[in-house]
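As structure tokens, the structure follows; a few thoughts come after it.
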Amino acid sequence: MQVLGISAFYHDSACCLLRDGKLVAAIEQEKLSRLKHDKSFPDLALRFCLDAGRTSIEAIDAIAYYERPDLKLERQLSMALQPEASESMRYAISQNLDPDRVEAEIRTVTGFEGPVLFFGHHLSHAASAFFFSPFDSAAILTCDGVGEWATTTFGYGDEAGINLMAEIEFPDSIGLLYSTLTSFLGFSVNDGESRVMGLAPYGRPTFVDALKHLYRAGRGLSFRLDRRYFDYLEGERMFSQSLTDHLGIPPRKREAAISQEYKDLARSLQIVLEEILLEKIRYLHDRTQSDSLCMAGGVALNCVANARIRRDGPFKRLFVQPAPGDSGGALGAAALAYSSMSKGQKIKTPLSDVYLGPSWNSEEIASLLEGSGATVADYRGREEALCREAAQRLSKGEAAGWFFGAAEFGPRALGNRSILADARRPDMRDHINSVVKKREAFRPFAPVVAESEASEIFEIDVSLPFMLETCQAHDPDSYPAITHVDGSARVQTVNAKQNPRLCRLLDHFKRETGVPILLNTSFNIKGEPIVCSPLDAIICFIRSNLDFVVLQDFLIERSGIPPHWMHICSTPLNCGAKAVSDDIYAMF
């Protein structure tokens, strides 16, 4: 049985292919279209999934969509009918009044004539967490801005399936509380929340009491936003003038300097979020009496809160879906369709890694590089030598683009589309932030560490393969490039089964330096998706001022870049990699 799962039309569109309960392929549309948070129908992602599965649309048994368009339209119409709704909102909603539009587009684009199944937004989130977790039974918490009506759900999963027992409904939303303050702090909603989390340790909790006036929360479903402070209907901002008056500071203008009061607001917001979530999961634990918790939804991207839940919460075991946002909803929808069509059979293999995207073999990359004018070191058949050379360069302070195998699904680079550097160097963090990634100086970087030795460096007693929790470093001063101002780090552990080449590199780096740890950040620059193809990697390598790049079995130094590469790739960054791809292919 083959099922395609799709999420689309809001942000982070994606597609996956599930065959007989096993995840065969998955990719976000943005990584192929090169448009950050691409919300369009994932035609490129769907084509990749079919190709990767060596199948066709005619062989698909069902297409599963991650939410209910009819219920979503119901909620949008209720917003438009509010007296305070702006004309621009009413006009936008009036352009999408057909609940059958999604199915029509799926059929028009794909030509699919079989069943198209629709599942609730938060049910898809819940399924993406539970069905791909290692647990036979578990409590389930989903939390985001809003799906159709639900903003937070409390559930339980076992061999009988998933039961969503209760929910918090729009406009009351834990996710929208965080996003509203993200907007107030001058960052983009659905993208800047991670910046707020990174900014928080620089602040003091001076706004906690003020923020607690924005909502009423208690056990269970008790969560209500005070609507006076929020503006979802009238204007372009998510907050009202009352919030500005209440906080006593003006909204920060985007790209303006970040003064201490905004750092304090970020810290206070993070504390408030953690307290709300802990209260909710204690209620969920009381309801389910389970030892295991699965989490999904955009709020589950907050790795600091996830760590607090593991540390201070009542559950013994925690699984956070590695793509907890809307893209992961495609996985959940596919799993629900498979279960319903196969008489209750469940997913057979829990996720141990997410290397589910496109890959290119060495011969394909060799063909791309042939005649390009670049000076290329060929390590085909010599993996040990390649890892040794890369480790030696990294130990001397060079920063590398690392491109190998299949692209990761989800928002984290987990060693196949990564920028790697020496975590011990005090200047490396600022260098990569300013020169390579071209982003804010306060943004922290994550480490990747050999799973077998992680506990020697961090306060950790579990594997963390998906980089979705923070923990404290035993000796933060020894790893200044990857520890945050509070001594924490967003750790990725890796073993030889998950990623043998990355483990081999870490082993060689340990031989050079005595430590099995590297700085690992996504292979992209500000405003662009993580690289997917060799061409994306070459463009990003040139623009980011990295010292060298490894493309599968080939190594290119910065000095080996031909002048005409530099000229073509000087296209302004906001044009995106796709804008210059045709010229570069012509160059090759």
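The values are calculated or read from the model by the stated rules, or taken from the named source; none is laboratory data. The model shown is predicted, which means the values in this text are computed figures rather than measured ones. Cβ: placed from backbone, ideal geometry, glycine included. Neighbour counts: every protein chain shown.
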Assuming Ser559 fulfils every condition listed in (1) in a helix (DSSP H, G or I); (2) buried (at least 16 other Cβ atoms within 10 Å of the Cβ) apart from one, which condition is it?
(2)
Pairs under 7 Å by beta carbon, first residue at positive phi and not assigned by TED's automatic domain parsing to the domain that holds Phe404 in the range 340-355, partner part of a helix (DSSP H, G or I) and hydrophobic (A, V, I, L, M, F, W, C), six or more apart or different chains?
none
Is one or more of the residues making up the range 242-250 in contact with a strand residue (DSSP E or B) (Cβ under 9 Å, 6 or more places away or on another chain), free of Cβ contacts under 8 Å to residues at least 40 places away in the same chain and part of a loop (DSSP other than H, G, I, E, B)?
no
Out of the range 198-222, which residues are under 30 Å from Ala446 (Cβ atoms) and outside any loop (DSSP other than H, G, I, E, B)?
Gly198, Leu199, Ala200, Pro201, Tyr202, Val208, Leu211
State whether one or more residues within the range 318-333 are surrounded by fewer than 24 Cβ atoms within 10 Å (Cβ to Cβ), more than 19 Å from the chain's Cα centre (by Cα) and not basic (Lys, Arg).
no
Restricting the range 337-351 to residues that are surrounded by fewer than 19 Cβ atoms within 10 Å (Cβ to Cβ) and within 23 Å of the chain's Cα centre (by Cα), the one modelled with the highest pLDDT turns out to be Pro350
Give the range 384-411 a look and list any residue that's among the acidic types (Asp, Glu) and surrounded by 15 or more Cβ atoms within 10 Å (Cβ to Cβ), or say none.
Glu389, Glu398, Glu408
By residue number, the members of the range 510-551 that are of a type in the set (Gly, Ala, Ser) and part of a loop (DSSP other than H, G, I, E, B) are Gly514, Gly527, Ser533
Which residue pairs have Cβ atoms under 7 Å apart, sit 6 or more places apart or on different chains, and have a first residue in the range 447-467 that is among the charged types (D, E, K, R) and a second that is at pLDDT 95 or above and surrounded by fewer than 22 Cβ atoms within 10 Å (Cβ to Cβ)?
Glu451/Ser463; Glu451/Asn495; Glu459/Gln472; Glu459/His474; Asp461/Ser455
In the set Asn163, Asn190, the lone residue that is closer than 24 Å to Arg75 by Cα and in contact with a His (Cβ under 6 Å, 6 or more places away or on another chain) is Asn190
Looking for something more than 25 Å from Ile347 (Cβ to Cβ) and buried (at least 17 other Cβ atoms within 10 Å of the Cβ) - is there at least one such residue anywhere in the range 11-27?
yes
Scan of the range 30-52 for residues that are outside any loop (DSSP other than H, G, I, E, B) and either in contact with a strand residue (DSSP E or B) (Cβ under 6 Å, 6 or more places away or on another chain) or under 16 Å from Ala330 (Cα atoms) (or both), ordered by number
Glu30, Lys31, Asp43, Leu44, Ala45, Leu46, Arg47, Phe48, Cys49, Leu50, Ala52
Go through the range 352-374 and count every residue that is in a loop (DSSP other than H, G, I, E, B) and at pLDDT 95 or above.
8
